[in-house]
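Scroll down for the structure; my scribbles are underneath it.
FYI, it's all coordinate maths here, none of it is from the lab. In this text, all values refer to a predicted model and were calculated from it rather than measured experimentally. Glycine gets a Cβ as well: all are built from the backbone with ideal geometry, and neighbour counts include every protein chain shown.
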Amino acid sequence: MDINDLKEQVKLNCTISDARFWGYYSICGLLMRLRELYRSEKALTLWEGIPKEGMSEWIASREAEWSSLETKALRPLEIEGNVYDPFDVDRLNFYLNPRGFIYGGGYGRFNKPSFFLGELESKGELGDYLVYSSGKEFCRDLSTSVAMLQGRCIFMRLEPLKTLLWDKFQELQARRFGGALKEAFSSCGVEGPQPPEELYHKIESLSAEISELFILHETGEAFEDEYSDQWLEILNCNRDRATEFYARGVKDLLADTSEKGPLTYIIGERKRSLLNFFIVFLDGIRKEIFPEILTAFQKFMDSGDWSLLEEARRTGYARAYALRERIIALWKEGKGGNIGAFIRKYVKNSEA
C-alpha cells in the first residue's frame, strides 16, 4: 500500500472541509489552529519556533487553495483499486489497522467534517466499544479534537493531547501562582524549567495516563444517547456559534457527570491525578453551569473528603439532564427555528 498516496487523498478532504468551515472560527481561534496545523505539516517539534515569513507564505498559499476548493465535494478514498466513502471508518480501518495505520472520520463542532490519518498506537476494548489510540499523525484538518466517538468506536488522538498538555505547562510557567494547574502537573512529577526534550518525554508519558479522562468522556456521551437524533437536528439546523457552544456544553457536562463518565470513575477509584486534570480542563460553558465542582474541589483539597465531589457530581448531572430536557422540549414544541433565543431566555438565565 502506498501510504503517501492515501495521505494526499485524506489531506485533500481535510483541506476541502477547512475551505468550507474556516469562517466559523474566531480570528484568534483560527490563527491558533493554523499555527498548529503548520507545525504538524512541517513536522516541527513542540519547542521549535514557527518562522513568521514561512508561516505567512504558507497561510497565503492555504487561503488560495481554500478559494479553489470551497465549493468542491469531499472525495472518496481509493486504496489498491478499492473505493471507500470518507466516513466509512470501519471498512477503512479493517484494511489499515493490520498495516499499522489508523483513520478517523466524522463530524465535529459546526457539523464540520473532520479527518485524520496516522500511526496506530494501540487498539483495545472498553465495554462494548473499540478504542483506537493514534500516535504520529500524517495529516489532519483544522479541528483539534483529542477524542472522537464514531459509532461503536472511540478514537483517542495522542498527538493533539501532547500539544494540549505542552501548552498547559507553558501556561503554568508564565503564571505567578499555579493553583489547580500546578497541582495537576506536580502530582504527576512534571515540575519546573527543564530541557525541552526531557519535558517532552514526561509529557508523552503523562498523555498516556491522561488519555483515560477523554476516553471516559466519550463512553459517558455514548451512554447518555437519549434524544441523540433530536440533538443532532438542533445542532445541524442552528448556525449561531454561541448557541451551539452552549448546547454542546450541556451535552459535555451530561457525559462528564454520567454514571459511565469520567467523574464517576475518578471518584469511585480515588484517582487524584485525573481529578486534578479534570478540573484543569473544565472550561467555558461546563464551568459556567457546573460551579459546584470547583467549590467541592477546594474543600476536597483541605479535607480529602471524596463525598463532597460525589455530591457535586450528582448536582451537576441533575442540572445537565434538566437543561437537556428543556431544550428538547422547546424543540419538540416547534420553536427550533430560533432555538438560540429560547436557550438564552429559558435555559441560560434560569436556575435549572
Q) How long is the gain from E233 to E310 if the chain were fully straight, where each residue apart is worth 0.36 nm and the alpha carbon distance is subtracted? A) 24.5 nm
(Q) What is the sum of charges, Lys and Arg at +1 and Asp and Glu at -1, for the other residues whose Cβ falls under 14 Å from the Cβ of I3? (A) -3
Q.
Below 15 Å, Cα to Cα, which aspartates and glutamates can K202 reach? Residues fewer than 8 away in the same chain don't count.
A. E159, D167, E191
Q.
Just to be sure I understand: of the beta bridges DSSP finds with both ends in region 1-157, what percent are antiparallel, rounded to 5?
A. 80 percent
Q) Taking Cα pairs under 8 Å and at least six residues apart, what relative contact order does region 170-308 come out at, in percent? A) 26 percent
Q.
To make sure I understand, if each residue's beta carbon is the centre and we count other beta carbons within 10 Å, what order do H217, H201 fall in, fewest to most?
A. H201, H217
(Q) Expected output is a single nm value to one decimal: the length gained when fully extending between A318 and L44, i.e. 0.36 nm times separation in residues minus the C-alpha distance. What is it? (A) 94.2 nm
**Q.** Dimensions in Å of the chain - Rg and Dmax from alpha carbons
**A.** 20.8, 63
Q: Quick one: give the max-minus-min coordinate of the C-alpha atoms of region 187-342 along each principal axis, largest first, in Å.
A: 56, 36, 24
Q. Tell me, V83, V280 in order of fewest to most beta-carbon neighbours within 10 Å?
A. V83, V280
Q: Place +1 on the Cβ of every Lys and Arg and -1 on the Cβ of every Asp and Glu in the chain, take the dipole about the Cα centre, and give the residue among Q230, L74, L120 whose Cα lies farthest towards its positive end.
A: Q230
Q) Where does each of Y132, Y200 land when they are ranked from fewest to most other beta-carbon atoms within 10 angstrom? A) Y200, Y132
Q. Relative contact order for the chain: what is it in percent, counting Cα pairs under 8 Å that are at least 6 residues apart?
A. 12 percent
**Q.** Charged-residue dipole, Cβ positions (Lys, Arg, Asp, Glu), region 3-160 about Cα centre, Debye nearest 20
**A.** 300 debye
Q. Which of the helices in the chain meet the span-like rule: DSSP H, Cα axial reach of 30 Å or more, Kyte-Doolittle mean at least -1.0?
A. 196-223, 306-332
Q.
Test of understanding: extend the Cα→C-beta vector of R152 to 7 Å, then name every residue of region 205-220 with backbone N under 19 Å from that spot.
A. 216, 218-220
